1. Can you give me the distance in nm between label points at residue 39 and residue 65, each placed 7 Å from the Cα along the Cα-to-Cβ direction?
2. Modelling each spin label as a point 7 Å along the Cα-to-Cβ direction, I'd like the residue 53/residue 31 distance in nm, to one decimal.
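Values quoted throughout were computed directly from the atomic coordinates according to the rules given, and no laboratory measurement underlies them. What you are looking at is a predicted structure, and each value in this text was computed from that prediction instead of being measured. Glycine gets a Cβ as well: all are built from the backbone with ideal geometry, and neighbour counts include every protein chain shown.
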Amino acid sequence: MATVTNWVDHLSADEVAGSIYPGAGSSEFILVLLLIAVWIGWSIITDKSEREELDRLSKKRYGANDHKDNITDW
């Protein structure tokens, strides 16, 4: 293994150009866009399912003594 004594000369050499961070470029941009799309999709699906559950629970009519049963509907 070679020892690097001057990083400026080493990083500007033709044989190592681009090998310090090889993933930079269009592939990263596509992965970031894909991640954002998945995140937005997951947020929409989660919001919809939680909203349906809360709407279903809010339509129930609880009586004055229902809290005494201490049985949850989860």
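1. Each label point lies 7 Å from its Cα, and together they span 5.2 nm.
2. 3.2 nm
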